[in-house]
Amino acid sequence: MTDQNNASFLTNSEHLAWRAVQVLVWLVGLTIFFSLLIRPQLGLHLFWNILIPVAPALLVFAPGVWRNVCPLGSTALVPKHLDHKPRRMMSIKTQGIFSLVGVSLLLLIVPFRHVALDTSGFATAAVLAASGLVAIGLCRVFEWKSAWCSGLCPVHPVEKLYGMRPGVTPKNAHCHECHRCVRICPDSTIGMTPLLSLGTNLHLLAGTIMAGGFVGFIWGWFQVPDYPITQGWQHLGLAYGLPLGGLVVSLTLFLLLKRHLAPEHHTRLLRVFAAAAVACYYWYRLPGLVGYGAIPGDGMLLDLTSTLPEWSVAASRVLTTLLFFWWIVVKKNGRRSWTRRPPYAREFAVQPGEGASVSLTCSVGGLAGAKG
């Protein structure tokens, strides 16, 4: 093993510290889950108006931290932590299928918030419970993070889009040895993006949809109001039509720009669209949390309209937009992985330097994995 790999082992104190944080975050998640059932309004605020608004920024600046402590990911990996017997290795074809299904789930679940999840604690809890059961079941079949955390999880496509320029690279708190459960490993690959893949058509399709379409999808989502669950079914067309219509428009623009730009500018194009997506989210979400939303009352945590001046809304939008474009597009912060790769397990031991070249290929003519 190289010195770098040996350094990736968690010390006893680091192991205990990460486990403590994972348990704490898991308990917070469990509290939110039961709040959704027992005190739905509180649970909805905790989940949709506190936890979810924090997540995009965390994925931008420290995706590896989120990957280490995600409560659903920790739940999914419990069977593997308790039983280290080998599981099935996922084929590249299956991985591509899971990637596309994960994007599809994201595009299915997010608009469903407007017609059920944002106003029904039971519906939100049911989706979380179903996700947990699927995640655990998959982890009992496939190796480590390959099936859920790096495949079917609907948050994973957003991780790859927003997490292109991580600010920190912690040690991997789940994988103490690398079993090459997934190619390419999103946790350990430097310069991970939605379009860095082994080049299957399904990987390419999933990555392209996220790279070019997500900003339009977000914009469209914020144009739709929340409906009570008893009325939501009457507005499915609007709830899905505007986000998906926005996705088609921004994806078309992305592909046209890519076609006319020289290949050396493709990486910058991808970063611009990623920055635009997260900036668009906070452009609408932060004002909405304090009562200044585009649709009054939707997604409001506290009504501060009588306290905060209106100019503060414009200020928050300008500052967050500048921050994300500076961090993702402009700042020279080097190329990092989300977490540090642990040593390879004995059966996958490689010569020094070999691990960095696991036949990586960039889809779309090198769009995502190019320099810095």
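The values are calculated or read from the model by the stated rules, or taken from the named source; none is laboratory data. These numbers were taken from a predicted model, which means no experiment stands behind them. With ideal geometry, Cβ positions are generated from the backbone for all residues, glycine too; neighbour counts draw on all protein chains shown.
Brief remarks on what is shown
- Close Cβ contacts (under 6 Å, 6 or more residues apart or on different chains) running from residues in region 87-105 that are at negative phi to residues that are among the aromatic types (F, W, Y) and at pLDDT 85 or above comprise R87/F142; R88/F142; M90/F142.
Residue by residue, here is whether (1) surrounded by fewer than 15 Cβ atoms within 10 Å (Cβ to Cβ); (2) at pLDDT 90 or above; (3) more than 17 Å from K160 (Cα to Cα) holds:
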site: S250; (1), (2), (3): no, yes, yes
site: R271; (1), (2), (3): no, yes, no
site: R285; (1), (2), (3): no, yes, yes
site: V290; (1), (2), (3): no, no, yes
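- Of all the listed residues (Y281, Y240), the sole one being at pLDDT 95 or above, of a type outside the set (S, T, N, Q), touching a Pro at 6+ places or on another chain (Cβ under 7 Å) and within 22 Å of G167 (Cα to Cα) is Y281.
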